[in-house]
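One structure is given here, and the rest of the page talks about it.
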Amino acid sequence: MPSFFLNKRLIVLLVAMITVVAVIGLTMKERPEPTWVEQFIRDSVGFVQSIVYKPARLVAGFFENIMDMKQIYTENQRLKANLQENVILLAKIKELEEENKRYKQLLDIESSLSDYQVRAAEIIMRSPDRWYQQVTINKGAKHGIKPNMAVMTPEGLVGRVKSVAQFSSVVELLTDPNRANHVSAVVQGNDLIFGVIEGYDVEKEALYFQKIPIDAPLEEGQTVITSGLGGLYPRGIYIGEVIEVIPDEYGLTQTALVKPAANMYQLDKVFVVERSFIPLDDIPSIDALMSEEEGQERGE
């Protein structure tokens, strides 16, 4: 009995092997059309693959999109960081250019004011309610600063040192309406036109250049500089430009409006100028100089 079942299994195995070999032989032959069995298997496998492939492709695409978004986010963050670094770098370059410009202007000042000692200082305090009246600088008596020293920027005159502490000083600006705040000035040109810078017009943003003889040939566009008279301000510091000439109501003198060369609204760095000592007795006043000129005209 066992030998019968054993022989039966061998026979089934042999028939199966023959069938497989026959199928393989048939499928390996080149035929214009596959058999119905092959068609059935191919169609079945293709249908199953189409059902499985679409969800798999959607899932794979979803994860690919997530990876792409992550890569885009990383790239965007890197570009933002580079942009911020570039902005900071451009700001530093701009600051260095401005600082280099100021140093060049300082060299020009030192060369043009070779007879005077120039000390650089920075504005450390400025009261909003006295914006056009005074500022505080970071240099004082310990740095050789003294009252009445002239203060300027590379553009022009700013004012004078009003009071001095050990490590700071208060600077009175030209735009301070204080009547005691005045500067002896002269128009640069062939004719000597002397006057006094005294007062400030807030609306026109111009200084009053007063006590000018009515017959003085004063015109718009002329340059006004310090005259060196009075013993406070060195001669030759640029103040500004004449923008308007106004005769007084009595026809005796005329007044000019002078646009300050220095930006009084925005002050950052200034220079304190110490002039060579000249005894006050040796410096003629403006009134004496004008009286001398009038005497010469009358032949006295």
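A short reminder: the numbers here are calculations on the coordinates, not readings from a lab. Here the structure is a predicted model, which means the values were calculated and not measured. Backbone-built Cβ (ideal geometry, glycine too); neighbour counts: all protein chains shown.
Work out how much length Glu244 to Lys204 would gain on full extension: take 0.36 nm times their residue separation and subtract the Cα-Cα distance, in nm to one decimal. Intermediate results must be reported in sequence, preceding the final value.
Working: separation 40, 0.36 × 40 = 14.40 nm, distance 1.02 nm.
Using 0.36 nm per residue and subtracting the Cα-Cα distance, I get 13.4 nm.
For the pair Asn178 and His143, how long in nm is the line joining their label points, each one 7 Å along Cα→Cβ?
Distance between label points: 2.0 nm.
Would you please classify the overall shape of the range 149-213 from the alpha carbon gyration tensor, given that a ≥ b ≥ c denote the square roots of the eigenvalues, rounded means a/c under 1.5, and beyond that prolate means a/b larger than b/c while oblate covers the rest?
Working: a/c = 2.12, a/b = 1.67, b/c = 1.27.
Verdict is prolate for the range 149-213.
At a Förster radius of 30 Å, what calculated FRET efficiency corresponds to the Cβ-Cβ distance of Glu220 and Tyr132, to the nearest 0.05?
Efficiency, rounded to the nearest 0.05: 0.80.
Return the distance in nm (one decimal) between the two label points of a simple spin-label model at Ile72 and Val12, each offset 7 Å from Cα along Cα→Cβ.
Distance between label points: 6.1 nm.
Along the Cα→Cβ direction, 7 angstrom out, place labels at Val118 and Gln166. What is the inter-label distance in nm?
Taking the two extended label points, one gets 3.0 nm.
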